[in-house]
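A short write-up of the structure that comes next.
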Amino acid sequence: MKKAMQGLPKITLKQLSVFVSIYQTGSTSRASEALHLSQSAVSSALTELEARLQMPLFERVGRRLNQHPNAHPIYIQAQAILGQSLTLEHYHKHQAGQIHIGASTTIGNYVLPPLLAKLYEALPDADVDMYIANTQEVVAEVEQLNIDIALVEGMPRPVDMKVIEQRVWRTDTLMIFAKHDSKWLTDVGYYNDANNCYELSIEQLSTLPLLVREAGSGTRQIIDEQLLQHLPNAEVIMAIQQSEAIKHMVSADIGLGCLSQHVIEAELATGKLVQVQVAGIDLSRTWWLVWHKARHQSPIWQSFIDIIQEDRV
């Protein structure tokens, strides 16, 4: 008997759907109309299910089908299975439209919003979850498979390079800046009217107080590698986690700041802040796309990739 059972085909969701429809409508003809199947396909599915269960589910009296006592308990179980299948299908559709995006602070606050607007325009039902922190924290979340894709300002430097994919996305430039009438610039450098900026030497900058981002941020990584190494005696008076806080402190003339051009472009345009150029200092940097190689690349993931790749500058 066991070998005979093993030789029979497995129960399928189609067979259960056919059975439930026959149970509810009372005939194979009405079930075939409801399921958009031929009557022969409906009859075959019912026969296959009864063979697999090795029990009759309906008694055939002429052209009529009368429910067998076995039918009701099987009907209850079949409904439960089909319900679970539908729940799983809905879950899959929900997951296919969901994406977890990570971004380091500058990108998350100033660059990502218009990119998300394009994503919502293409996929109005997109379910986007955001995580914004410094580069080091975002990359750690990618490594733990908590984020589908991340956009970061600093070199990713994951713990395990083998499981992380990282690709160059675009470039950015940090700017040193000050309050437009800063007391710190009164006796140093000169104002270049043509370029709307102050020009200082490295030696002059090293005498001025600097407000910078905290260790672990992509901005701080560039400041350490491309600015502070030229200023061994620089006065870094404060390391701050938020770019907005640095902007406000510079506006209060506590010191000079160094942030992405994207962070201060509005204040530069209004003249509230002014750029400070330093001869011999290059503060350009690379932004990166980062994802875990084991992470499923869903359709919405690919749509987002297409959008941000188009946005390269």
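Computed values, structure above
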| read-out | value |
| --- | --- |
| Where GluC sites (Glu not before Pro) fall in DSSP loop in segment 20-55, at most 16 other Cβ within 10 Å | none |
| Relative contact order, percent, the chain [alpha-carbon distance under 8 Å, six or more residues apart] | 21 percent |
| Candidates Thr106, Thr286, Thr12, ranked by Gaussian network fluctuation over the chain, Cα under 10 Å, top entry | Thr12 |
| Anisotropy class of segment 171-285 from Cα gyration tensor, a/c 1.5 cut | rounded |
| For segment 171-285: relative contact order, % (alpha-carbon pairs under 8 angstrom, 6 or more apart) | 47 percent |
| Among (i) 29, 23, 21; (ii) 31, 23, 17; (iii) 69, 18, 14, the entry that matches semi-axes √(5λ) of the Cα gyration tensor in Å as calculated here | (iii) |
| Between segment 142-186 and segment 254-289, the alpha-carbon center distance in angstrom | 14 Å |
| Efficiency of FRET between Ala294 and Arg30 - r from beta-carbon atoms, R0 51 angstrom, step 0.05 | 0.60 |
| Theoretical gain in end-to-end length, Arg170 to Asn66 [0.36 nm per residue, Cα-Cα removed] | 30.4 nm |
| Value of [θ]222 nm, deg cm²/dmol, for the chain, DSSP H segments ≥ 4, -39500 (n - 2.57) each, nearest 500 | -13000 deg cm²/dmol |
| 0 to 90° range, to nearest 10: angle between helix 299-310 axis and the chain longest Cα axis | 30 degrees |
| Surrounding net charge for Asn66, when Lys and Arg each add one and Asp and Glu each subtract one, Cβ distance under 9 Å | +1 |
| Estimated vicinal HN-Hα couplings, Hz - segment 244-259 in sequence order (Karplus 6.51, -1.76, 1.60; Gly, Pro = x) | 4, 5, 4, 4, 5, 5, 5, 4, 8, 6, 6, x, 9, x, 9, 9 |
| Rounded, prolate or oblate (a/c below 1.5 giving rounded, otherwise prolate when a/b exceeds b/c) for segment 251-313 by Cα gyration tensor | prolate |
| Inter-site label distance for Glu265 and Met55 at 7 Å from Cα along Cβ, in nm | 7.0 nm |
| Residue of Gln261, Gln77, Gln144 that the Gaussian network model of the chain assigns the largest fluctuation, springs spanning Cα pairs under 10 Å | Gln77 |
| Loop-located trypsin sites (Lys or Arg not before Pro) in segment 213-313, at most 11 other Cβ atoms within 10 Å (DSSP) | Lys293, Arg312 |
| Summed residue charge, Cβ within 15 Å of Ser251's Cβ, Lys/Arg positive, Asp/Glu negative | -1 |
| Amide H within-cut-off set for Ile176, under 5 Å, with H built and near neighbours excluded | Val276 |
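Just so you know, all these numbers are worked out from the coordinates, no wet-lab data involved. Just so we're clear, the structure is a prediction, and the values are computed from it rather than from any experiment. Backbone-built Cβ (ideal geometry, glycine too); neighbour counts: all protein chains shown.
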